[in-house]
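The values are calculated or read from the model by the stated rules, or taken from the named source; none is laboratory data. Just so it is clear, the structure is predicted and the values come from calculations on it, not from any experiment. Cβ sites come from the backbone with ideal geometry, for glycine too, and all protein chains shown count toward neighbours. Please note that ligands, DNA and RNA were not included when accessible areas were found on the heavy atoms of the full protein model with its side chains. Shrake-Rupley method; radii C 1.70, N 1.55, O 1.52, S 1.80 Å.
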Amino acid sequence: QVQLVESGGGLVQAGGSLRLSCAASGRTFSSDAMGWFRQAPGKEREFVASISQIGSITYYGDSVKGRFTISRSNAKNTVYLQMNNLKPEDTAVYLCAATARLVSDDMTEYDDWGQGTQLTVSS
C-alpha cells in the first residue's frame with residue numbers, strides 16, 4: 001500500500017497559476033503510475049492528468065489540455081500538477097491517486113487515494 005498526501009491548494013484569481021504536490025510513502029514510488037482527479041460539489045469525479053512510472057507517458061483531460069502539466073520526481077517520491085491560466089470551472093477538490101498497473105485515465109484503475117486539496121478560483 002502507498003500513502004498519499006496532497007498539498008498546495010488554495011485561493012487564486014482567474015488567470016493565475018498554482019502547483020499542487022503529492023508526496024508518497026510506503027510502496028516503491030517508481031513502481032506506480034500516478035494520476036490527478038478532481039471533484040466539485042454535486043459533480044462526478046473527473047480525470048485531470050496521469051503519468052507513467054518513469055514519466056515517459058502523460059495523459060490529460062480535455063478540459064485542462066494546454067493549461068496543466070503533470071510531472072514527477074521519483075527521487076523525491078513526489079508527483080506535481082502545475083496549473084496555469086486557471087478558470088473558475090477548475091474549482092474543486094484535487095485528489096492524487098496511485099496504481100501499480102499501467103497509466104490510465106480511468107479512476108477505477110487506481111488503488112490508493114489521498115485526502116485531497118481544495119482549489120478555489122475566483123472570477
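One Cα centroid belongs to the range 1-49, the other to the range 58-76; the line between them spans 10 Å. Per residue, the accessible area of the chain comes to 50 Å², computed with a 1.4 Å probe over protein heavy atoms only. A cut-off under 14 angstrom between Cβ atoms defines the neighbours of Ser17, and their net charge, with Lys, Arg +1 and Asp, Glu -1, is +2.
Relative contact order of the chain: 36 percent, from C-alpha pairs under 8 Å at least 6 residues apart in sequence. Net charge around Ala98, counting only other residues with Cβ within less than 9 Å of its Cβ (Lys, Arg = +1; Asp, Glu = -1)? Residues near Ala98 contribute -2 overall. Summing Lys and Arg as +1 and Asp and Glu as -1 over all other residues whose Cβ lies under 13 Å from the Cβ of Lys43 gives a net charge of -2. Subtracting the Cα-Cα distance of Ser63 and Gln82 from their residue separation scaled by 0.36 nm leaves 5.4 nm. Less than 13 Å apart at the alpha-carbon level, and either on another chain or at least 8 residues along: which aspartates and glutamates does that give for Lys43? Result set, ordered by chain and number: Glu89, Asp90. Considering all alpha-carbon pairs of the chain, what whole percent are spaced by more than 22 angstrom? Every Cα pair in the chain considered, those over 22 Å come to 25 percent.
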